[in-house]
Structures are given as C-alpha cells and as structure tokens.
Amino acid sequence: MINEDESKIQQFGKNTPLTRAAQPVELAGAYVYLAYSDASYVTGEIIHVNGGKFVSG
C-alpha cells in the first residue's frame, strides 16, 4: 500500500509544470502563513500550492 501511495504522488507530480511532487517543506509555508497572525485579514481566498497544476489546466 505504501508503494501504491508513493506511485500516486509521483504521478501527480509528473502532471504539474514543475514535473515533480512537492516536498513537505514546500507546502508548510502556506500552512504556517494561514495559521499565523499575518493572515488574520485574509478571508475567502484559495492559495494554490500545487506546482502550477491549477494554472496549467
């Protein structure tokens, strides 16, 4: 099952403009920002952290 999940992650990564899956540290910044007081006035926004997949269709 672990190998199957890893395969799905790698396949998702191949379908992004960056051609790779993200590392956890690359995702963490967005999560930390949203949890921090600096984002206290941010409402109703979607932050796409997906290697460019959203804009590439």
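The values are calculated or read from the model by the stated rules, or taken from the named source; none is laboratory data. These numbers come from a predicted model, not from an experiment. Because the Cβ atoms are built from the backbone with ideal geometry, glycine has one as well, and the counts that use them run over all protein chains shown.
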Check: Of all residues in segment 1-45 being closer than 22 Å to Ser56 by Cα and among the hydroxyl-bearing types (Ser, Thr, Tyr), which is surrounded by the most Cβ atoms within 10 Å (Cβ to Cβ)?
Finding: Thr16
Item checked: Selected residue (criterion: modelled with the lowest pLDDT) from residues of segment 22-55 that are out of contact with any helix residue (DSSP H, G or I) (no Cβ under 8 Å at 6 or more places or on another chain) and small (Gly, Ala, Ser) -> Gly52
